[in-house]
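Asks: I have a structure I would like to understand better, so I am pasting it below and will then ask my questions one at a time.
The values are calculated or read from the model by the stated rules, or taken from the named source; none is laboratory data. From a predicted model like this one, the values you see are computed outputs, not experimental measurements. Here the Cβ positions follow ideal geometry from the backbone for every residue, glycine too, while neighbour counts run over all protein chains shown. Note: areas computed on protein heavy atoms with side chains; ligands, DNA, RNA excluded. Shrake-Rupley method; radii C 1.70, N 1.55, O 1.52, S 1.80 Å.
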Amino acid sequence: MHPRSHTDVSSHFGADETTYCYDGVFTNTSPSGGLPYDEIKCFSVSASSSEKGVVFTKLHASPPSGDNVGVIYRKGYVIPGLWDGHGHLLQYGEFLHSTDLFGCTERSCILDRLAEYLARNPEAGTRSNWLRGVGWDQNVLGETPTAAILEGDERLKGRYIMLDRVDVHCTWVSQGILDLLPGEVEDVPGGEIVRQPGMGVFCDNAMDLVIRLWEKPGTERKKEFVRSAMRELNRVGIVGMHDAGVVPRDLRMFEEMAGEDEGWKVRVYAMVECEERNTFCPGKAPWVERRDGMLVVRSVKLFADGALGSWGSALIDPYTDRPSTSGSLLINATALTSVAKSWALQGYQVNIHAIGDLANRHAISAIISALSAVCPDSPESLAECQSRHRFRVEHSQIISPPDQLLMHKHGILPSIQPTHATSDSSYAELRLGPKRIASSAYRMKSIVGLNPVLGSDFPVEPPSPFEGIYAAVTRRSPKTGKGPEGWEEGWHTEEALSLEEAVRGFTVAVGNGSFMEDKVGVIREGAWADWVVLDQELGGYDVEQLRTMEVMETWVGGRIVYERIAEEKEDL
């Protein structure tokens, strides 16, 4: 399924601007942030792409009149274009071209899906073309994956297979890949090699041992991944995203595609990730600020720890269900502070991945030190300094109460994925115990004053912002409509957001987190002409309908990049 090709507003009537009228238009500009639709029914969009991009030029309560005014009437209710505040574009595209293991609850499901993929793609699984997949979870499977499980299936025997865990912080490999490693595989600082009940799984920094052996896709293949990912993002109403970690060579490819390729249909605010993670590589990192807003690179991604599901997030106190460990720091506190300062002084926004409460403590401390470095003359007003630099903690998942106070004091931006709370709720209390969950974990309502950036972390979670809004409002799984056992009506609903707060998190808050609050998430004069069309007012939907929401149209820069009717016609 492919949405129809771009339609530029300049193709209508030959006018300098085109006016679109719908059943209703929600501008998202009310100071109260309320959801009721305004009196606006129409808006005008500039026809020609200038260096500033196509923007909204006028808002109208009713269709304007005049011989030189071109008006297009369309059905539906408009909301501003939605953004994902934390996703992974290339990885999502690769996921769309690999084996989907999400939802598998037993090994036979995984083995069957891999075999089915091989039947359709017999060239996969060779030394130069590894079979890739993503989505397994030992918490669901009830067993630890091993290379022997893959080798024991005759359909997969002898294949080179690398499967990413659901959170992409561990990878499970086949015997063929293990055989490429040296005879004695030593432990890796900041990582884990799972050796019992057998070899096959590598987590966090240890993943580098096998990833460096993988012959990565070439540029043309990666471009195909990007185009596929953008088509799917447009389909769920996404007009822009924050790409949370892109290596310099791929950023250069992005820059080329954004300037030349018609397949570039999503605005991307990308964070630099050095080839060697957690290092300082300004000479290799491009700084990009396209005036049309289709690609911006002015931030960096650092990593403090791993993920909760694989016991890799770094905790102050040991795991409740594995007291022998407190997780892993991928970088020590001193080094994290040093590299954060270096990037901050170079002018980059600093964004630090932190899930465990120890990792969040180190990230917050590093950010405060970086703020002191870039604003040395006003240490007493770091919050004002932060309002200009907008350093972020990506995930902000488990934060001790004292560190939550520090975030509020200095205005440090949390970047949160609401569906992580609902996906993790089935095992999070086992990992952390009820006290840490109640006081420290998966905060949303208690930190809404910090203007949190909301996203999904796709492909770890589905990219639909409506699923994220549902999870934020109900604290229930978008997949099932329920909370975990014992919490069926919603997991810790005291941390749920209102619908208005959740919508703000996927619109203007994402704009604020990328210095584009005047351009994205709103419909007003001068903002980029991005909008999404629904079949009724957003506030009129029953909350359960958000789980399976389908958009009617998605527009980016005054061009229609997805239309449901066109897709349905293609399927006939």
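Asks: Can you give the local net charge around E461? Use residues other than it whose beta-carbon is closer than 11 angstrom to its beta-carbon, Lys and Arg +1, Asp and Glu -1.
Replies: It works out to a net charge of -4.
Asks: Among rounded, prolate and oblate, which fits the range 437-572 when a ≥ b ≥ c are the square roots of the eigenvalues of its C-alpha gyration tensor, a/c under 1.5 means rounded, and a/b larger than b/c means prolate? Present the calculation step by step, with values, prior to reporting the outcome.
Replies: Values: a/c = 2.28, a/b = 1.31, b/c = 1.74.
Here the range 437-572 falls in the oblate category.
Asks: Classify the range 231-362 as rounded, prolate or oblate, taking a ≥ b ≥ c as the square roots of the eigenvalues of its Cα gyration tensor: rounded when a/c is under 1.5, otherwise prolate if a/b is larger than b/c and oblate if not. The partial results should precede the final answer.
Replies: Working: a/c = 3.01, a/b = 1.68, b/c = 1.79.
Taking the square roots of the gyration eigenvalues as a ≥ b ≥ c, the range 231-362 is oblate.
Asks: Continuing with this model, one more query. Which peptide among 462-468, 228-234, 196-202 comes first, and what is the full order, when sorted by highest mean count of other Cβ atoms within 10 Å?
Replies: 462-468, 228-234, 196-202
Asks: Another one. Going by amide H atoms built from the backbone, whose H comes under 5 Å of the H on L308, apart from near neighbours?
Replies: S313
Asks: Between E186 and E550, what is the label-to-label distance in nm when each label sits 7 Å out along the Cα-to-Cβ direction?
Replies: Between E186 and E550, the label points sit 5.7 nm apart.
Asks: Karplus couplings for the range 257-267 from phi (6.51 cos²θ - 1.76 cosθ + 1.60, θ = phi - 60°), rounded to Hz, Gly and Pro as x?
Replies: Using θ = phi - 60°, the values come out as 5, 5, x, 10, 9, 5, x, 7, 10, 10, 6 Hz.
Asks: Okay, next question. Quick one: Karplus J couplings for the range 348-358, per residue in order, coefficients 6.51, -1.76, 1.60, θ = phi - 60°, nearest Hz, x for Gly and Pro?
Replies: With the stated coefficients, the range 348-358 comes to 8, 5, 9, 10, 10, 5, 8, 10, x, 5, 5 Hz.
Asks: Another question, then. Taking 8 Å as the Cα distance limit and 6 or more residues as the minimum spacing, I'd like the relative contact order of the range 133-250 as a percentage.
Replies: RCO, the range 133-250: 20 percent.
Asks: Follow-up question, since we're still on this one. So who's got an amide H within less than 5 Å of the one on L295, skipping anything under 5 residues away but keeping other chains? H placed 1.01 Å off N, in plane.
Replies: For L295, whose amide H was placed from the backbone, the distant partners under 5 Å are V268, R290.
Asks: Taking amide H positions as placed in the peptide plane 1.01 Å from N, state which residues far from G70 in sequence (5 or more) or on other chains have amide H under 5 Å from it.
Replies: T19
Asks: Follow-up. Over the range 356-483, what is the relative contact order in percent, taking alpha-carbon pairs closer than 8 angstrom and at least six residues apart? Working shown, then result.
Replies: Working: 158 pairs, mean separation 31.7, N = 128.
Once divided by the residue count of the range 356-483, the mean separation gives 25 percent.
Asks: For every other residue with a beta carbon closer than 11 angstrom to the beta carbon of S477, add +1 if it is Lys or Arg and -1 if Asp or Glu, then tell me the sum.
Replies: So the surrounding residues net to +1.
Asks: Here is a further query. If each DSSP helix of 4+ residues adds -39,500 (n - 2.57) and the sum is divided by the residues in the chain, what number results at 222 nm, nearest 500 deg cm²/dmol? Provide the component values of the computation, followed by the final result.
Replies: Details: 18 runs with 168 residues, N = 572.
Value at 222 nm, helices only: -8500 deg cm²/dmol.
Asks: A follow-up question, please. Ordered by packing density, taken as the mean number of other Cβ atoms within 10 Å over each peptide's residues, highest first, how do 514-525, 359-370 rank?
Replies: 359-370, 514-525
Asks: Treating only the Cβ atoms of Lys and Arg (+1) and Asp and Glu (-1) as charged, compute the dipole magnitude of the chain about its Cα centre; round to the nearest 20 debye.
Replies: The dipole magnitude comes to about 680 debye.
Asks: Here's something else I'd like to know. Kindly report the accessible area of the chain per residue (heavy atoms of protein chains, probe 1.4 Å, no ligands, DNA or RNA), in Å².
Replies: The answer is 39 Å² per residue.
Asks: Return a whole-number percent for the relative contact order of the chain, with Cα pairs under 8 Å and 6 or more residues apart as the contact set.
Replies: Across the chain, relative contact order equals 18 percent.
Asks: Further question on the same structure: Determine the sum of side-chain charges near F506: Lys and Arg each +1, Asp and Glu each -1, restricted to other residues whose C-beta is under 13 angstrom from that of F506.
Replies: Cβ neighbours under 13 Å give a net charge of -4.
Asks: Work out, step by step, the length gained on full extension between L430 and T480: first 0.36 nm times the residue separation, then minus their alpha carbon distance; give nm to one decimal.
Replies: Here the segment from L430 to T480 would lengthen by 15.9 nm.
Asks: Per-residue HN-Hα couplings for the range 182-197, Karplus 6.51 cos²θ - 1.76 cosθ + 1.60 at θ = phi - 60°, whole Hz, x for Gly and Pro?
Replies: So the Karplus estimates, Gly and Pro as x, are x, x, 10, 9, 7, 4, 10, x, x, x, 9, 9, 6, 10, 10, x Hz.
Asks: How much accessible surface area, in Å² rounded to 10, belongs to the heavy atoms of D23 with a 1.4 Å probe?
Replies: That residue has around 50 Å² of solvent-accessible surface.
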